[in-house]
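Shown next, in structure tokens, is the structure this report addresses.
The values are calculated or read from the model by the stated rules, or taken from the named source; none is laboratory data. This one's a predicted model, so the numbers in the text were calculated from it and none came from an experiment. Here the Cβ positions follow ideal geometry from the backbone for every residue, glycine too, while neighbour counts run over all protein chains shown.
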Amino acid sequence: MKNALKIIILAFVSGLAGAYLMMRVNPTPVREVIREVPSFAQVNYAYEDSEEGPYPTEEVRSAPADFREAANRSVHSVVYIKNLQNNRRNVSFMDFFYGREVPSREVAVGSGSGVIYSSDGYIITNSHVIKGADEIEVLHEKRTYRATLVGADPKMDIAVLKIQANDLPKIDIAPSSSVRVGDWVLAVGNPFNLTSTVTAGIVSALGGEANAVRENFPIEQYIQTDAAINPGNSGGALVNTNGELVGINTSIISRTGSYAGYGFAVPSDIVVKIVEDLKNYKVVQKAFTGAEFVDIDEEVAERANLSSLNGVMINSVREGSAADQAGLKRGDVIKRLDNKPIISQSSLEEVISAKSPGDRINITFERAGNAYATDLVLENIYGDTDILGANALSEEDFYFSDYLGAELRKLNAAEKSKYQLKMGVRITTIDDNRGFMRRLDLKEGDIIVAINRRFAVDPKAVAEFVEKYYGRIYFEVIGEDGRQRTLTYQFN
């Protein structure tokens, strides 16, 4: 027994000695680990040269911004929005036959964010957040309100709600025209049903400057940011370091549906314009110049003999339009609007989007290498300067055909009542110098009621039908004098 114990102890000691000897002869490599300095503790040093090496000077840069005050000023102005929709599944005989539960009282719930625009209960959100809602609920600091829809602009993805409340903490608003690439911003919203979450980032691009990204995004006027925006952030606030609203968060570009570094917001200048129009008129008062524009690339510049790619070129001017009356012509290059530099079509549209029909803008442009300036009074979608009512047409109700050289539009409510029609397409302009329409006996102001006994409903459909048709064709037309006539042609 004693011999066995001696052998065990000897073996243990020998093992320790062997391990020690191996470590001395062939030591195990050690991987150096450098500790990461927390981001809030990092500083940037400005070094001065010396014989002993670089040492930090007394100048130490502070953190880029203190977001606490901005968050505190804005977070109380952001609300949580619920989109309640009645279950629309039809009940069939098979539900009763198989004993399936009838979902008669169930609702589908969508959610998003909103921003308190005024202390008396006006709320800004995205149009897609409340789309299809049967009921809308607004939750703010443990209180729930029923909301009514004041109006929406689906194209810019902005909607306005109204709740019955007073003394709400409305958000302060800053002009988005002052926003620059590289500015620090906060995104405030309710992602994944989390209440009043704040994320920070910078302005990555502006709509007038990011042509590549704009191809993937339906809204051309926007602020792009890398602040984390996730599902539920839609309709929330994008604020500057003073806690002031500079945009309404609206969308992300992501393959997964979650944050991937590309978030977008509608600029506050456009948002305020839309909100005020919807409050006062129930419809957005969109302004137009009466001209069509194209961005200037190398091909356009070479063809037009331009020395610069900045600005936008006028591609066409409608006769009698605001642009025509201002003296603008095809080939002119717009350089500034109200003294704001125009570098692309998107930057031009951003300026126009914040205006109303009847507003006067100053235009600086170049023609044949010479600089000129003129004033232009913006028009509405009908070509005059009147403020429109809730039954006004939208841009989608108009269509211009290059092949026909004509612009067509749907009838508005007043025209339908005047001519006792349920539908029809009006010819608003015909180009006297080009296009197929000028070869026909149709006139500006004529209403196309039917073609080959098919009612004319949609301007684009009418134009495309005429463009592609071969053979005998019949137009049922009503003139401005109210008289109806039939025009017959043979298209070969």
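Name the residues in segment 167-187 that are within 25 Å of Ala133 (Cβ to Cβ) and in the same structural domain as Val272 (by TED's automatic domain parsing), would you?
Ala187
When the residues of segment 415-440 are filtered to those that are part of a helix (DSSP H, G or I) and farther than 15 Å from Gly383 by Cβ, the one that is nearest to the chain's Cα centre (by Cα) is Lys416. Among the residues of segment 306-354, what is the count of those that are among the acidic types (Asp, Glu), under 27 Å from the mean Cα position of the chain (by Cα) and at pLDDT 90 or above? Going through segment 306-354 one residue at a time, the tally reaches 1. From the list Leu376, Leu388, the lone residue that is assigned to a loop (DSSP other than H, G, I, E, B) and under 20 Å from Gln285 (Cβ atoms) is Leu388. Selection of first residues in segment 443-468 that are closer than 12 Å to Tyr399 by Cβ and of second residues that are aromatic (Phe, Trp, Tyr) and assigned to a loop (DSSP other than H, G, I, E, B), restricted to Cβ pairs under 6 Å at least 6 apart or on distinct chains, gives the following pairs, ordered by first then second residue: Glu467/Tyr403. Return the residues of segment 326-363 that are surrounded by fewer than 15 Cβ atoms within 10 Å (Cβ to Cβ) and either assigned by TED's automatic domain parsing to the domain that holds Tyr222 or under 20 Å from Glu407 (Cβ atoms) (or both); say none if nothing qualifies. Lys329, Arg330 - these are the residues of segment 326-363 that are surrounded by fewer than 15 Cβ atoms within 10 Å (Cβ to Cβ) and either assigned by TED's automatic domain parsing to the domain that holds Tyr222 or under 20 Å from Glu407 (Cβ atoms) (or both). Can you find even one residue in segment 156-174 that is modelled with pLDDT of 90 or more, crowded, with 21+ Cβ neighbours inside 10 Å, in a loop (DSSP other than H, G, I, E, B) and β-branched (Val, Ile, Thr)? Within segment 156-174, one or more residues are modelled with pLDDT of 90 or more, crowded, with 21+ Cβ neighbours inside 10 Å, in a loop (DSSP other than H, G, I, E, B) and β-branched (Val, Ile, Thr). Taking segment 105-148 and the strands (runs of 3 or more DSSP E) fully enclosed by it, the elements with 2 or more residues that are touching a residue at least 12 places away in the same chain (Cβ under 8 Å) and surrounded by fewer than 18 Cβ atoms within 10 Å (Cβ to Cβ) are at 107-116, 135-140.
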